[in-house]
Amino acid sequence: MTASRPNLIFILADDLGYADLGCTGARDAYSVPVDVSPRLDALAAGGLRCTRGYSNSAVCSPTRFALATGRWQYRLRGAAEEPLASVHGDKVLGLPPGHPTLPSLLRDAGYATALVGKWHLGYPPHFGPRMSGYDTFYGFHAGGSDYFAHCDPRGRPDFWVNETEHTEDGYLTDLLSRRAVDFVRDQSADRPFLLSLHYSAPHWPWLTREDRAESRRLAGFGKHVDGGSLETYQRMVHHMDEGIGWVLDALQEKGLAENTLIVFTSDNGGERYSNNWPFVGQKMDLLEGGIRVPLLARWPARIDPGRVSDTPSLTMDWTATFLDAAGVAAHPDYPLDGTSLLPLFDDPAWNPERDLCWRMKHREQRALVRGRHKYLQVDGVEYLFDVVADPRERANLRDREPARLAELRAAWQAWDAELPAIPPEAKVSLVFTRNELPQATF
């Protein structure tokens, strides 16, 4: 362990597919490798890349509840929404200000805390980043934002500095990156910090720095089912990667890089233009493509370069890891469900025996991962896969291994019984249906 408490940076992409980075297999339309993420690729080479990083949910806001609290998102009513809709003024659907969070626990332990980017955990006046532990907030509340109009998907302005509406011209990804750089440059070596840099990229609308005219055409409305391309999408990823590079450079300039733990991942699997190879499924699916995400960590003072681990983990494990690295205990009334991954930094083969579990109202999905095996239920039909030998989940072992199926089913049921049930009024909001885009037969 380092002598001083580390600085902590958690970078969260939005709807990024597993193979959307160069270090995880990015390809162009002709299957030629593309140099889409040189800064993140270098970060991975200088630290740890996890091949079995899972998001807590296959959709965005539930994962963010888990990251904020370090607990199963299902414990909170707001996380039952798939995802949280634009429910302005709702007093229930959000992250309760009284609930301990990663930023509130670190703030109370002396850390400076900032959220730059997407919140998506409830709307003012009842919920907000600064009510849940962040000293400062620069970003937006909704699940998505137009990159130039800076409005939510219904066309309402949604850009804030703390609790004040904000107007600033520019491409949103760049604005977030520059604000993160400013935050790093403003920090003192005498006080550690937590920076949550939660990008909207590469979430729709599909807009690069050059697409201001397309933003005007959309007028801030809709889910952009009539635009975009793979090239545009990969440019959006590259813009984000470039901005992350600016943050890394600022750390180096300040002399803070050595003792800063940086984690990069996605809130769920990719959508529409993303590359989830080799997995099947995407956002909203508990197939691997919906929950297996890129996961990179760098901490020069603690993690040797070039490490790769196939240990399964969940988003909320990083909450436990950050607190552990900072020497901060969880609130005794809100014990963590996540597991600290600090042992992984010393031994990439470290692999505690435990179950990773999911449930969704959408299509009545259930999933449990135990080691190499995965129990899955979709639309009432059960499946059993060996996701190490068969990551595409194409060889259903249900009838070959009925005892294992029963064992994992029982484990999922026992886990589910300990949590509040999904309320019947919880909503599922799909981005698009077969009325907008064709649905594949298989």
message = Between Glu258 and Val308, how high is the FRET efficiency from 1/(1 + (r/R0)^6) when r is the Cβ-Cβ distance and R₀ = 30 Å? Nearest 0.05.
response = 0.85
query = Taking the mean number of other Cβ atoms within 10 Å as a proxy for protection, how do you rank 36-42, 196-202, 232-238 from highest to lowest?
reply = 196-202, 232-238, 36-42
Over region 1-123 - Rg/Rh using Cα atoms and the Kirkwood inverse-distance radius = 1.02
query = From the Cα gyration tensor of region 231-348, with a ≥ b ≥ c the square roots of its eigenvalues, which class applies: rounded if a/c is under 1.5, or else prolate if a/b is larger than b/c, or else oblate?
reply = oblate
note = Sequence order, region 116-127: Karplus ³J(HN,Hα) from phi using 6.51 cos²θ - 1.76 cosθ + 1.60, θ = phi - 60°, Hz rounded, Gly and Pro as x, gives 10, x, 7, 9, 6, 10, x, 10, x, x, 8, 9
query = Counting only residues 5 or more places away or on other chains, whose amide H sits under 5 Å from the amide H of Asp15 once H atoms are built in the peptide plane?
reply = Asp267, Asn268
request  = Work out the FRET efficiency for Arg392 and Asp90 from their Cβ-Cβ distance, taking R0 = 56 Å, and round it to the nearest 0.05.
outcome  = 0.90
inquiry  = Could you tell me the relative contact order of region 205-311? Use alpha-carbon pairs under 8 Å, at least six residues apart, and round to a whole percent.
reply    = 22 percent
request  = May I ask you to compute the full-extension gain from Ala109 to Arg154, defined as 0.36 nm times their residue separation minus their alpha-carbon distance, rounded to one decimal in nm?
outcome  = 12.3 nm
request  = In nm, give the distance between the simple-model label positions of Val428 and Ser4, each being 7 Å from the Cα along the Cα-to-Cβ direction.
outcome  = 5.1 nm
remark   = Pseudo-spin-label distance Ser229 to Asp28, built 7 Å along Cα→Cβ, given in nm, is 1.2 nm
task = Excluding residues on the same chain fewer than 8 positions from Lys91, give the lysines whose Cα lies under 19 Å from its Cα.
result = Lys427
request  = Please work out the FRET efficiency for the pair Asp186 and Glu165, using the Cβ-Cβ distance as r and a Förster radius of 35 Å; give the result to the nearest 0.05.
outcome  = 0.95
note = Percent relative contact order for the chain, counting Cα pairs under 8 Å at least six residues apart, stands at 24 percent
request  = Taking only protein heavy atoms into account and a 1.4 Å probe, give the accessible area per residue of region 241-314 in Å².
outcome  = 28 Å²
task = Can you bin the chain into rounded, prolate or oblate? Criterion: square roots of the alpha carbon gyration tensor eigenvalues sorted a ≥ b ≥ c, rounded for a/c under 1.5, prolate for a/b above b/c, oblate for the rest.
result = rounded
Inter-probe distance in nm under a simple model that places probes 7 Å from Cα toward Cβ, at Gln413 and Asp333 = 3.5 nm
key: Peptide ranges 329-342, 60-73 listed from the most packed, as the mean C-beta count within 10 angstrom indicates   = 60-73, 329-342
ask   = What is the gain in length, in nm to one decimal, between Asn435 and Glu382 on full extension, counting 0.36 nm per residue of separation less the C-alpha to C-alpha distance?
value = 16.3 nm
remark   = For the chain, whose charge dipole is built from +1 on Lys and Arg Cβ atoms and -1 on Asp and Glu Cβ atoms, the candidate among Trp246, Leu105, Ala85 with its Cα farthest towards the positive end is Ala85
ask   = By how many nm would the segment from Arg400 to Ala213 lengthen if fully extended, with 0.36 nm per residue of separation less the alpha-carbon distance?
value = 61.7 nm
key: Fraction of accessible area attributable to carbon and sulfur, region 352-442 (%, probe 1.4 Å)   = 51 percent
message = Only four residue types carry charge here, +1 at the Cβ of Lys and Arg and -1 at the Cβ of Asp and Glu. Report the dipole size of the chain about the Cα centre in Debye, rounded to the nearest 20.
response = 500 debye
query = So which DSSP H runs in the chain come out at 20 Å plus along the axis (Cα) with average Kyte-Doolittle of at least -0.5?
reply = 172-186, 402-417
ask   = How much area per residue is accessible in region 1-122 when the probe is 1.4 Å and only protein heavy atoms are counted (Å²)?
value = 28 Å²
task = When a/c is below 1.5 the answer is rounded, else prolate if a/b is larger than b/c, else oblate, so apply that to region 370-442 with a ≥ b ≥ c taken from the square roots of the Cα gyration tensor eigenvalues.
result = oblate
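The values are calculated or read from the model by the stated rules, or taken from the named source; none is laboratory data. Everything numeric here is computed off the predicted structure, so don't read it as measured data. Note that we place each Cβ from the backbone using ideal geometry, even for glycine, and neighbour counts take in every protein chain shown. Remember, those area values only see protein heavy atoms, side chains included, never the ligands or the DNA or RNA. Shrake-Rupley method; radii C 1.70, N 1.55, O 1.52, S 1.80 Å.
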